[in-house]
Amino acid sequence: MNPLIIYLRALLLNYILVMPRFVDKVGEWYQFPLSIPYASSCMKTAGLRVYTVNMNHEEGNVAETVQAYLKKYNIGMVLYHQYIGSDSTH
């Protein structure tokens with residue numbers, strides 16, 4: 001497929017980048033991964049419509065919160081940060 005067509009289709013989507021929850025309670029300290037803001041910045045520079053949600057700052061159920069964002073911003077693609085750290089509980 002023509003790269004221009006692929007790019008134009010990508011411009012039509014709304015994207016959301018989801019930072020997973022690392023904390024048990026909102027307000028607890030965690031190591032902030034820079035991958036989400038870097039990716040968001042690059043995507044916005046390319047002209048894409050990007051939203052972000054940091055689950056470490058959101059109360060409640062993760063699935064319900066993400067679902068609410070999907071509806072609110074008419075999201076076409078979800079991107080999720082997979083954190084591989086030393087603590088396997090999060």
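The values are calculated or read from the model by the stated rules, or taken from the named source; none is laboratory data. Only a predicted model underlies this, so the values are computations on that prediction, with no experimental measurement involved. Note that we place each Cβ from the backbone using ideal geometry, even for glycine, and neighbour counts take in every protein chain shown.
Selection of first residues in the stretch 22-45 that are modelled with pLDDT of 90 or more and in a helix (DSSP H, G or I) and of second residues that are surrounded by 11 or more Cβ atoms within 10 Å (Cβ to Cβ) and of a type in the set (Ser, Thr, Tyr), restricted to Cβ pairs under 6 Å at least 6 apart or on distinct chains, gives the following pairs, ordered by first then second residue: Ser40/Thr52. Here Gly76 passes the criteria (1) without any contact (Cβ under 8 Å) to a residue 60 or more places away in the chain; (2) more than 11 Å from the chain's Cα centre (by Cα); (3) under 16 Å from Arg9 (Cα atoms) except the one numbered (1). Consider the stretch 46-82 and keep the residues that are in a helix (DSSP H, G or I) and polar (S, T, N, Q). The one that is surrounded by the fewest Cβ atoms within 10 Å (Cβ to Cβ) is Gln67. The set of residues from the stretch 28-45 being surrounded by 11 or more Cβ atoms within 10 Å (Cβ to Cβ), farther than 15 Å from Val18 by Cα and not aromatic (Phe, Trp, Tyr) comprises Cys42, Lys44. Take the conditions part of a helix (DSSP H, G or I) and either modelled with pLDDT of 95 or more or exposed (fewer than 11 other Cβ atoms within 10 Å of the Cβ) (or both) and apply them to Ile5. Does it pass? The answer is yes for Ile5.
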